[in-house]
1. Does residue 315 qualify as being in a loop (DSSP other than H, G, I, E, B) and under 19 Å from residue 60 (Cβ atoms)?
2. All but one of (1) assigned to a helix (DSSP H, G or I); (2) closer than 23 Å to residue 13 by Cβ; (3) touching a helix residue (DSSP H, G or I) at 6+ places or on another chain (Cβ under 7 Å); (4) without any contact (Cβ under 8 Å) to a residue 60 or more places away in the chain hold for residue 148; state the number of the condition that does not hold.
3. I'd like the full set of residues that are part of a helix (DSSP H, G or I) and either in contact (Cβ under 8 Å) with a residue 60 or more places away in the chain or touching a helix residue (DSSP H, G or I) at 6+ places or on another chain (Cβ under 6 Å) (or both), limited to region 156-167.
4. Of the conditions (1) at pLDDT 95 or above; (2) touching a helix residue (DSSP H, G or I) at 6+ places or on another chain (Cβ under 8 Å); (3) under 23 Å from residue 210 (Cβ atoms), residue 334 satisfies every one except a single condition; which number is it?
5. Tell me, please, whether a residue that is touching a strand residue (DSSP E or B) at 6+ places or on another chain (Cβ under 7 Å) and modelled with pLDDT of 95 or more can be found in region 212-233.
6. Quick one: in region 15-32, of everything that is modelled with pLDDT of 90 or more and surrounded by 14 or more Cβ atoms within 10 Å (Cβ to Cβ), which residue is farthest from residue 224 (Cα to Cα)?
7. Just for region 325-349: of the residues that are outside any helix (DSSP H, G or I) and touching a residue at least 24 places away in the same chain (Cβ under 8 Å), which one is farthest from the chain's Cα centre (by Cα)?
């Protein structure tokens, strides 16, 4: 993929500092760019036939490491949604054609004499810093989202940037995917989660799901992600809230605590502005304890939106929450202290 021209991108500026297992596969990127040149124009003609998705899409938001990946796998296992997969992500520039190709290669109805039976469908609950394994496992689909957004990083967009969002293109792309799988689209929307009002304006029939987790374990997991991704606790990883400019020069404890605090604060404030029928707030711990109740809640929300979802409620009975201390006690103490400082700073508001 040709890199988006974004001189403010922290992600692009830190590409060379990733640990070897997380570096870009440049041969793959060149192949995808070549295919985009062939298939992109055809997709453009196809998508002229689409507008907004007919079914209510589900957009998942939350802090990084708050349980969004396992929640997407939960939705995928239900079979009730059109989920962006690792295979479909290879066609981010042509989602309609990619969805058709996925159906051809993986739908059992088209598997003539078991010629194409996949060994790994990706129907599991494991991931590695948001990355799943298997052709049909959920993808974060970042390259798809980036086609329509003015910034490469998942960050707050100011008014000028919001005016540059290609909302019509995003609507057409999601509608195209929905048309192939004949199920509501569902995906992480973390890359645009600091501007939920703009997202909702483009999808007023959608359901916004906010997953929350105990901030101590979110902060711990982000610290570990920094170590695993970069081998350096001091390098910023993942989303950039509106307050990023003031956080980036702080020590890494305050960077992480501020990232988590301000992200959760921004999401809570934005969700207050979303109509009640169009939002669902879920605690990670409660979700792990009782996935069937969450499935019921999603079904009820879709019924309220005038759509019969019929999401199965018995695919997963319970999950083991990963809320255990895995780093040194002093690091936990420093993270908690930094988080409390941000809470105190805004306690009078």
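The values are calculated or read from the model by the stated rules, or taken from the named source; none is laboratory data. Since this is a predicted model, take the numbers as computed values, not measurements. Reconstructed Cβ throughout: ideal geometry from the backbone, glycine too, with neighbour counts over all protein chains shown.
1. Numbers: in a loop (DSSP other than H, G, I, E, B): yes; under 19 Å from residue 60 (Cβ atoms): yes.
Considered against the rule, which asks whether it is in a loop (DSSP other than H, G, I, E, B) and under 19 Å from residue 60 (Cβ atoms), residue 315 comes out as yes.
2. Of the numbered conditions (1) assigned to a helix (DSSP H, G or I); (2) closer than 23 Å to residue 13 by Cβ; (3) touching a helix residue (DSSP H, G or I) at 6+ places or on another chain (Cβ under 7 Å); (4) without any contact (Cβ under 8 Å) to a residue 60 or more places away in the chain, the odd one out for residue 148 is (1).
3. Applying the first criterion (part of a helix (DSSP H, G or I)) to region 156-167 yields 159-162, 167.
Across region 156-167, the qualifying residues are 162, 167.
4. Only one criterion is unmet by residue 334, namely (3).
5. Narrowing region 212-233 to residues touching a strand residue (DSSP E or B) at 6+ places or on another chain (Cβ under 7 Å): 212.
With the extra rule that they be modelled with pLDDT of 95 or more, the set shrinks to 212.
Yes: one or more hits.
6. In this case the residue turns out to be 32.
7. So in region 325-349, the residues outside any helix (DSSP H, G or I) come out as 325-328, 346-349.
Among the residues that remain, those that are also touching a residue at least 24 places away in the same chain (Cβ under 8 Å) are: 325-327, 346.
Numbers: 325: 25, 326: 25, 327: 26, 346: 28 Å.
Residue satisfying both the conditions and the ranking: 346.
Residues are listed down the side, and each one gets a yes or a no for (1) modelled with pLDDT of 95 or more; (2) within 30 Å of residue 323 (Cβ to Cβ); (3) part of a loop (DSSP other than H, G, I, E, B):
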position	(1), (2), (3)
7	no, no, yes
12	no, no, no
43	yes, no, no
46	yes, no, no
51	yes, no, yes
64	yes, yes, yes
72	yes, yes, no
93	yes, no, yes
